[in-house]
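Heads up, the thing below is written out as structure tokens.
Quick note: the coordinates plus some simple rules give every number you see, no bench work behind them. Small disclaimer: the values here were computed from a predicted structure and weren't measured. Heads up, the Cβs are rebuilt from the backbone with ideal geometry, glycines too, and the neighbour counts pull from every protein chain shown.
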Amino acid sequence: MAKDEFEKREFKIVGTRVPRPDGLDKVTGRARYGADMSAPGMLFGYCLRSPHAHARIKSIDTSEAEAMPGVKAVVTRADFTHVPASGGTKDILDNVMAGEKALYDGHTVAAVAANSRSAAKAALKAIKVDYEVLPHVTDVDEAMKPGAPELHQGRQQESVPEGFSQNVLARSQYGHGDVDAGFAKADIIVERSFKTAATHQGYIEPHACLASMGNDNQADLFCCTQGHFMVRNTCADIMGMESGRLRVTASEIGGGFGGKTTVFLEPVALMLSKKSGKPVKMTMSRDEVMRASGPTASTSIDIKIGVKKDGTVTAATGDFRYQSGCFYSMNGALGAMCGFAPYDLENLKTVGWEVVTNRPKAAAYRAPGAPMAAFAVESVMDEIAKELGMDPIDLRLLNGAEEGTKAAYGPTYPAIGLKATLKAAKAHPHWSAPLGENQGRGVGCGFWFNFGGNTSVSLMINPDGTVNLSEGNPDIGGSRASMSMMAAEELGIPYEQIRTIVADTASLGENDVTDGSRVTFAVGLATIKAARHAIEIMKGRAAATWGIDADAVEWVDGAAQPAGPNAGKFPPLTLKDIAATMSKTGGPISGHHEANAEGAGVSFGTHICDTEVDPETGAVKILRYTVFQDAGKAVHPDYVEGQLQGGAVQGIGWALNEEYIYGEDGTLQNAGYLDYRIPVASDLPMIEPVILEIPNPGHPYGVRGVGETGIVPPLATIANAVSRAAGVRMTSLPMSPPKLLAAIKAN
Amino acid sequence: MKFQTPHSVEDAVAILVADPDARVLAGGTDLLVRLRAGHMTPSAVVDIKRINGMRDITSENGGWRIGAGVACAEMGEHAALKADYPGVVEGAELIGSTQVQGRCTVVGNLCNAGPAGDSVPALVAAGATVRVAGPNGTRDVDVIDIPTAPGKTSLKEGEFVTSVFLPARAANSSDAYLRFIPRTEMDIAVVGCAVNLTLDDAGVVTAASMSLGAVGPKVKQVDASALVGSTCDDAAVEALAAAATAAATPIDDKRGTIAFRKDVSGVLAKRAARAAYTRAKGAST
């Protein structure tokens, strides 16, 4: 475990609701998103995509397209001659430009760059692809069976027992104790099977980039991403170039939620630019985003829980089967680790399965793998509470994890906030509010690991005493505001005196992707340490000015002052004073910090939801929704509340209507926002966020990640509310009206 | 692609006759989306909104003539039209979003010939007609005869719809339109149902019509005689619901199952009948 970084302190800026620095640009349209950049002589790039779910590419004839007016480059897989060093990157290359086979509806098989959009689109139609259509599979349970159409050969890991299709790539197991002995002690055992559909992150901004590669093998790439250092490293590996020759700049980002933690267009745009010698801009349509970016896994899960009459869980098992599209992705294992994480269990066994199908490769989606696992586990917990006639919060408090509990995935928890969220939920007026006819209330818990990771921050003192901070993580959750706040807090200067920017890959050290709810924690930690570094330098300058020892200087309220009467009597030197004279006292002053941050601090949440079901149509209305989450120190409460509300909203969509619908032919039937139904504003009540601030010992201010946990409880919470309102247990998501009405009628 | 703005019906017909690949633009809320998605590539777009009368709602023989360029939101702001045909207006005001309703038109919704068009069932239940202009002059056609199949209309080459006409209202008449969508707005009907009623002074139904959307290749007129002679009591309404369920011929698709759509056809028939009845009674007090 990381050393204890936390020190209790009175905050002046952290915890306030200062104006966001990106607000004006975003509301006036001045902000530059992925598609907003242009370059002289720029071409427009488009992809040709497979219309088949699974097909061998026998040949591709691009000659007619290449001869068309305005067409400057056509690329296929044959142009990607370099073999990436990393296996994961090979899969990414196979995903962004199909090799021998097209593995899903929408898989890119060729791309064109031309001097107009219409010329490029006309050229796509002139490319002749000879496909041999192969049998396909899109359902996880079907894909696991021997004899299922197989996507790959020889990729199955040794962990997979015999008797499964080659589509089953990996099996992992977690737990402790003796589940057979545990079930033998149970008075009641509930065993249920669940299914969840694949959903999309639903970010508003489609993927877009502008690539420019010169024949000196130096390149610039501007793109919409959650991690431009990842884009640089991945693209350099695919292109066979040195990463230092590729500079990547992140655009503003119109949502990511995990879906922009990989690349789709970027290597294709670079190859088109390399081949044409011109800058190439590529933008996905919504249809392309739905068909060929990275939705989440669909799942099939079995849960068995045994309890004594007093509610004590004696044993639990879970089998988590996840399909993550056409390449390996660790999702089932995460489900197997997270599903039972809120509980203190003596006997537990969980198994996670990673399965490939003819769908686009899953990308991360906010706490990847965890919401579906929580749906299954928390549904069974609710059924047990109902059977025992027990308050479902009491059942969870009785079995809930706390400091010292051996977690479902192995380690022993430090101080955690699960029970605090449960107690807050129970004490909240929502829990005891009356319900009407056809209404039901659900509760659910959720867990997410959170992450630290590689981080670099630079903090520059300007001659006029203003401060610039460079971070290397695209700001998707308010990090520019949070970093400025933490730097201002540490330096003891006003928030307005600091401007934070997201620096490009050539301007800062390595940074991991904006994921794992890591940025406010890890970049915040590096920001505080960079500020402390600058403070040390400034203290040294003051000491030299006064002719006293640096150890005899302290930093208070934005100024250096002698530490006590023995140090001498000098008027304080403010940051501005020191900045104004820094040229004469030793030159420019900057602080920086680089670390692979540990001590992220796990996070728990409890949600309550009231629903009303129309028993004649199966329509569900969300009446009231309250989120309780351990957020650690909330640096900017507006952003934290937004994260809790946003997680709930995405969960509401996932629970009620969102789903990837595939036809008999394996093609996606609803590639757009008309028939892929994310909630609209009028579908939602005001979602009340309740922030609990249990300090994370791994951060100087007690900060822990908040972005992902909020999407873990909703699927279960809403399913429990709907099941209680409709009087029938719903075990399949989404609970769309046709499905719910059929269940009500069958009851 | 050419963009043309004729100022007379004759000029518009001449353009359409000369160029069979031209497409008519009224509100454009379907056409422009299809153009951008690359689903159609017309040789010309003919904007009819500048033709005299296209944007007017006028009283005619006690009924209402609504120009082909009238936006659905404008219908919602027309108090007298709304008082006569609240069901027609509520259907028109369910299309798309608030922004879309500022541009979209009922005639466009009709000629788009989507089986789920929200403004069409109430027009059919109201016995509305449209005026069609073409190379051989004008003709009036029942609304239900315009769509023939998904995306197909009975309009001939060179023809376009210039207006829709809602007949004069008998006393104690009203209508209602309800649709089922999985969300609360910005969606497409999984089932749509309009009921149009006339009562006598005692509150007994003397005439009833019903129409269903999204449960067949085109809008359906369904026998609503179960309500005639009743005061919209439970038995009559249940009989109407059974008629709706029986008449619905939906398909299984991404938006709903056959069983669901047949069930919900009945549910909406009941609810729309009760809403129309309440309104018709209210109109007589």
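Summary table below
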| item | result |
| --- | --- |
| Listed residue pairs exceeding 29 Å between alpha carbons, taken from A:K349/A:K419; A:K361/B:K152; A:K145/A:K386; A:K125/A:K274; A:K125/B:K220 | A:K361/B:K152; A:K145/A:K386; A:K125/B:K220 |
| Value in Å of the Kirkwood radius, where region A:1-155 supplies the Cα pairs that are averaged | 20.0 Å |
| Taking region A:11-152 and dividing mean pair separation by its residue count, relative contact order in percent (alpha carbons under 8 Å, at least six apart) | 34 percent |
| Residue order, fewest to most surrounding Cβ atoms within 10 angstrom, among B:M40, A:M390, A:M213 | B:M40, A:M390, A:M213 |
| Pairwise label distance in nanometres, A:E616 with A:F570, each label 7 Å out on the Cα-Cβ vector | 8.3 nm |
| Using a Förster distance of 41 Å, the FRET efficiency for A:N115-B:K152 (Cβ separation, nearest 0.05) | 0.60 |
| Test item: A:675-684 mean partner chain Cβ contacts at 10 Å | 4 |
| Candidate lysines - alpha carbon under 21 Å from A:K569, same-chain residues fewer than 8 apart omitted | A:K539 |
| Peptide B:173-182, shielding by other chains (average Cβ, 10 Å cutoff) | 2 |
| Karplus-derived 3J(HN,Hα), 6.51/-1.76/1.60, for each residue of region B:30-39, Hz, glycine and proline x | 9, 4, 5, 5, 5, 4, 5, 6, x, 7 |
| Lysine pair count for region A:1-113 [Cα-Cα under 25 Å; pairs on different chains or 8 or more apart] | 4 |
| Distant-in-sequence amide H partners of A:T314 (H built 1.01 Å from N, under 5 Å) | A:G306, A:V307, A:K308 |
| Cα-based Rg and Dmax for region A:452-597, where Dmax is the largest Cα-Cα distance (Å) | 15.7, 49 |
| For peptides A:718-726, B:91-99, sequence by mean Cβ density within 10 Å, most packed first | A:718-726, B:91-99 |
| Calculated FRET efficiency for the pair A:V27/A:Q218, C-beta based, R₀ 51 Å, to 0.05 | 0.90 |
| Chain A, dipole about Cα centre (Lys/Arg Cβ +1, Asp/Glu Cβ -1), debye to the nearest 20 | 1040 debye |
| Difference of contour (0.36 nm per residue) and Cα-Cα distance, A:K8 to A:H176 | 56.8 nm |
| Under Karplus coefficients 6.51, -1.76 and 1.60, residue-wise ³J(HN,Hα) of region A:661-676 in Hz, glycine/proline x | 10, 9, x, 4, 7, x, 9, 6, 8, 9, 7, x, 7, 6, 10, 9 |
| Order by protection proxy (mean Cβ within 10 Å, highest first), peptides A:682-691, A:618-627, A:21-30 | A:618-627, A:682-691, A:21-30 |
| Which of A:G256, A:Y343, B:G69, positive extreme of dipole for the protein assembly as shown (C-beta unit charges) | B:G69 |
| Length gained when the stretch A:D187-A:H428 is fully extended (0.36 nm per residue, less Cα-Cα span) | 83.6 nm |
| Which of B:F3, B:H39, A:P565, positive extreme of dipole for the protein assembly as shown (C-beta unit charges) | B:F3 |
| For B:251-263, mean number of other protein chain Cβ atoms within 10 Å | 4 |
| Evaluated at q = 0.10, 0.12, 0.19, 0.22 Å⁻¹: base-10 log I(q)/I(0), Debye formula over Cα of region B:173-284 | -0.27, -0.38, -0.86, -1.08 |
| Chain A: calculated mean residue ellipticity at 222 nm from DSSP helix runs of at least 4, using -39500 (n - 2.57) | -8000 deg cm²/dmol |
| Cβ-based net charge around A:V690, under 15 Å, with every Lys or Arg adding one and every Asp or Glu removing one | -1 |
| Cα-based reach from A:K633 at 18 Å (exclusive), listing aspartates and glutamates while leaving out same-chain residues under 8 positions away | A:D4, A:E5, A:E7, A:E10, A:E489, A:E490, A:E598, A:E641, A:E693, A:E708 |
| Neighbour net charge for A:N215 - beta-carbon separation under 13 angstrom, K R +1, D E -1 | +3 |
| Cys with no candidate disulfide partner in chain A (beta-carbon separation under 4.7 Å rule) | A:C47, A:C224, A:C235, A:C326, A:C338, A:C445, A:C609 |
| Overall form of chain A per C-alpha gyration tensor (a/c, 1.5; a/b vs b/c) | oblate |
| Amide H contacts of A:R32 (H built 1.01 Å from N, under 5 Å, at least 5 apart or other chain) | A:E252 |
| Integer Hz, Karplus 6.51/-1.76/1.60 couplings in order for region B:237-246, x for Gly and Pro | 5, 4, 5, 5, 4, 5, 5, 5, 4, 5 |
| Extreme residue, positive dipole direction of chain A, given options A:T317, A:T412, A:V640 (C-beta unit charges) | A:V640 |
| Sequence ranges B:78-88, B:147-157, A:405-415, ranked by mean other-Cβ count within 10 angstrom, highest first | B:78-88, A:405-415, B:147-157 |
| Amide proton proximity set for B:V222, modelled H, under 5 Å, gap of 5+ | B:M210, B:S211, B:L212 |
| Added length on full extension, which subtracts the Cα-Cα distance from 0.36 nm per residue, A:I501 to A:E437 | 17.8 nm |
| Neighbourhood net charge (15 Å Cβ-Cβ; Lys/Arg +1, Asp/Glu -1) for B:K82 | -4 |
